[in-house]
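Below is one structure, written out as structure tokens, with a few remarks after it.
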Amino acid sequence: MQLVFLGAPGVGKGTQADKVSAQDGVVKISTGDLLREAVRNRTTLGLEAKSYMDQGKLVPDSVVIGLVRDKLSDPGYAKGFILDGFPRTVPQAEALAAVLDERRIHLDRVINFQVSRAEIVKRLGGRRSCPQCQATYHVEFAPSKNGLTCDRCGEGLVQRSDDQREAIETRLKVYEEQTAPLISYYETRNMLSHLDSAGSVDAVYQNLTKVLAPYRSA
Ligand code: AMP
């Protein structure tokens, strides 16, 4: 199964991609995770990406396209992949189509996750992350046991710099201007399914399961 998960930041794409990945054995490729890893390891790419990410802006297409191109050349994709947070611009979508074509890989479906703006601001603003093991929590919906440290590894939880108010506003504006045009891009190619992702993680997964059924059995 080869999928793209599309949607604004905070719609729950990553959480659902983790669930599908655990269930089906498909690999999740999150450009956000790959970039954060590069920042943590202080690679040249990470140093270049950091200032864009901190402000909630998009990292240049050439950088992100290179990352995904490398990942897709990995032979560990026998059971497929979920691209989470890529493509985010029309040039990225065009580059992806070219790479998949080159490798003779078929893209099954693009899933467009939909949540209201107010809910997104609430989800992102309350998100807390573990800088050690990358587990994520939410102060209201999914707090850690003591609300301060990670249940898994005991590290103190932090708020990602791009989950702070100003950066959230920028990320939503960037989404509207640069990523939302991908909805019609994939719609005109008959590749898009819409998914209401306003409910709980389990409720959204139930809906997603229905959308993915034809591709799971393929
Ligand atoms: P995410 O975890 O998907 O919300 O991504 C966090 C940040 O990484 C974004 O705000 C961007 O700065 C950067 N990023 C992730 N994916 C992309 C992409 N496909 N194109 C450009 N920048 C990206």
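Values computed for the structure shown
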read-out	value
Elements of type helices (runs of 4 or more DSSP H) in the stretch 128-218, at least 2 residues being surrounded by fewer than 16 Cβ atoms within 10 Å (Cβ to Cβ) and at pLDDT 95 or above	181-187, 201-216
Test: residue in the stretch 68-86 that is charged (D, E, K, R) and within 11 Å of the ligand (Cβ to nearest atom)	yes
Residue 110 vs. criteria surrounded by 14 or more Cβ atoms within 10 Å (Cβ to Cβ) and not in a helix (DSSP H, G or I)	yes
Only listed residue being more than 14 Å from the ligand (Cβ to nearest atom) and touching a Leu at 6+ places or on another chain (Cβ under 7 Å), chosen from 130, 153	130
Residue in the stretch 83-90 that is assigned to a helix (DSSP H, G or I) and without any contact (Cβ under 8 Å) to a residue 60 or more places away in the chain present	no
Yes/no for residue 46 being assigned to a helix (DSSP H, G or I), surrounded by 16 or more Cβ atoms within 10 Å (Cβ to Cβ), more than 10 Å from the ligand (Cβ to nearest atom) and without any contact (Cβ under 8 Å) to a residue 60 or more places away in the chain	yes
Hits in the stretch 49-67 - residues which are β-branched (Val, Ile, Thr) and either near the ligand (Cβ under 8 Å from one of its atoms) or in a loop (DSSP other than H, G, I, E, B) (or both)	59, 63, 64
Residue identified as within 21 Å of residue 174 (Cα to Cα) and surrounded by fewer than 14 Cβ atoms within 10 Å (Cβ to Cβ) among 30, 51	51
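The values are calculated or read from the model by the stated rules, or taken from the named source; none is laboratory data. This is a predicted model, so every value here is computed, not measured. Cβ coordinates were reconstructed from backbone atoms using ideal geometry, including for glycine residues, and neighbour counts include every protein chain displayed.
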